[in-house]
Every structure is written in structure tokens, then in C-alpha cells.
1. Please go through the stretch 11-59 and give me each residue that is within 22 Å of residue 135 (Cα to Cα), touching a strand residue (DSSP E or B) at 6+ places or on another chain (Cβ under 7 Å) and without any contact (Cβ under 8 Å) to a residue 60 or more places away in the chain, ordered by number.
2. Identify all residues within the stretch 165-183 that are closer than 14 Å to residue 51 by Cβ, in a strand (DSSP E or B) and without any contact (Cβ under 8 Å) to a residue 40 or more places away in the chain; write none if there are none.
3. Filter the stretch 92-125 down to residues that are part of a loop (DSSP other than H, G, I, E, B) and under 21 Å from residue 41 (Cβ atoms) and give me whichever is modelled with the lowest pLDDT.
4. From the list 170, 90, which residue is buried (at least 17 other Cβ atoms within 10 Å of the Cβ) and on the phi > 0 side of the Ramachandran plot?
5. If you take the residues in the stretch 30-59 that are part of a helix (DSSP H, G or I) and more than 20 Å from the chain's Cα centre (by Cα), which one is nearest to residue 91 (Cα to Cα)?
6. Quick test of your reading of the structure: residue 98 fulfils all but one of (1) closer than 23 Å to residue 53 by Cβ; (2) out of contact with any strand residue (DSSP E or B) (no Cβ under 7 Å at 6 or more places or on another chain); (3) surrounded by 12 or more Cβ atoms within 10 Å (Cβ to Cβ). Name the failing condition by number.
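The values are calculated or read from the model by the stated rules, or taken from the named source; none is laboratory data. Here the structure is a predicted model, which means the values were calculated and not measured. FYI the Cβ positions are ideal-geometry reconstructions off the backbone, even for glycines, and counts take in every protein chain you see.
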């Protein structure tokens with residue numbers, strides 16, 4: 001019966017471990033300074049397709065389609081030009097330079113996933129970023145936090161050579177499948 005139950009999945013891009021560790025240190029610093037921890041969950045990532053519910057068998061079908069498509073894709077580079085925020089809901093993040101390649105990857109993953117999910121899980125806006133802190137920043141300290149972090153310098157680039165299909169296990173996100181891009185042989 002468990003295989004019929006709908007579970008929570010999402011598709012993400014994870015930066016390389018060394019960069020993810022540096023970003024996580026910023027998240028930890030922010031959480032300690034402003035006493036907010038929502039941004040620490042989940043691990044450092046860019047959401048490519050936000051959380052959606054499907055059963056495990058359907059998830060395996062989606063993962064297979066994504067893996068087949070990913071194997072035909074060339075790695076590409078993403079740039080992080082610095083900090084930004086969604087002031088309306090108090091989210092501080094590292095912005096990602098919106099590129100034609102990233103948008104193409106997004107559109108293709110939407111094309112693959114959308115037919116398998118409920119309509120309410122579709123058509124969400126895509127604003128590529130890596131969350132530092134979200135929603136639980138005390139309103140009385142939001143202006144102070146933004147004044148401190150927005151002018152900070154943070155500029156990096158990294159290569160995207162895979163996507164991560166995550167499943168939520170009830171307490172955290174775990175990788176169900178790494179979707180590797182085409183390797184370039186020399």
C-alpha cells in the first residue's frame with residue numbers, strides 16, 4: 001500500500017561541496033545572529049522544480065525520464081553575483097544570474113514533470129536563487145539584516161553537471177537520484 005501513497009519530491013541543483021560549505025557557513029552565521037533557522041532547511045540548493053506530490057512508482061517514471069534527458073545535456077556554468085531579497089516575505093538569498101541555458105533546463109524539466117503532477121503543483125514562477133534565510137527573520141530586525149547582508153560581496157561561478165531528484169522522508173530531503181549530464185571525453 002505504501003507505493004500508492006503520494007510522497008513529496010522536488011528537483012534541485014546543488015553547488016559543488018566546497019561552495020555549498022561556504023554558503024552554509026553564511027546561513028549558519030545569519031541564523032545565529034538573527035535567531036532564525038528556517039533557511040537552514042534543506043541543504044544548500046537552487047530549486048529547479050518546487051515540491052510536488054506523486055506516488056513512488058510515478059516518481060520512478062519521472063526520474064527515469066529526467067535521467068534520460070539529462071544524459072543528453074552538456075554541463076553549463078552558473079554565476080552568483082551577490083545577495084538579494086524578497087522584501088515582501090523576508091527571504092534573503094544569493095541571486096543567480098538568469099541565463100538562457102538555465103531557463104532552457106528549467107523549461108525542459110517542467111515539460112517532463114508537469115504531466116505527472118496535480119495542477120496546483122504546476123506553473124510556479126521561476127526565480128533562480130539560493131536561500132540564506134527565510135520567513136522567520138524577526139520583522140523588527142529585517143531592515144538591519146538587509147542593511148548588513150545586501151552590500152556584502154559574494155561572487156562565484158560553478159559548473160552544473162547534474163540535477164538532484166529529492167524525496168522528502170518526513171523530516172528532511174534526501175537524494176533519490178542524481179541525474180548526470182553528458183560527460184565530455186577528451
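1. Listed by number, the list holds a single entry, 47.
2. Result: 174, single match.
3. 124
4. The match here is 90.
5. The qualifying residue nearest to residue 91 (Cα to Cα) is 34.
6. Looking at each condition in turn, residue 98 falls short on (1).
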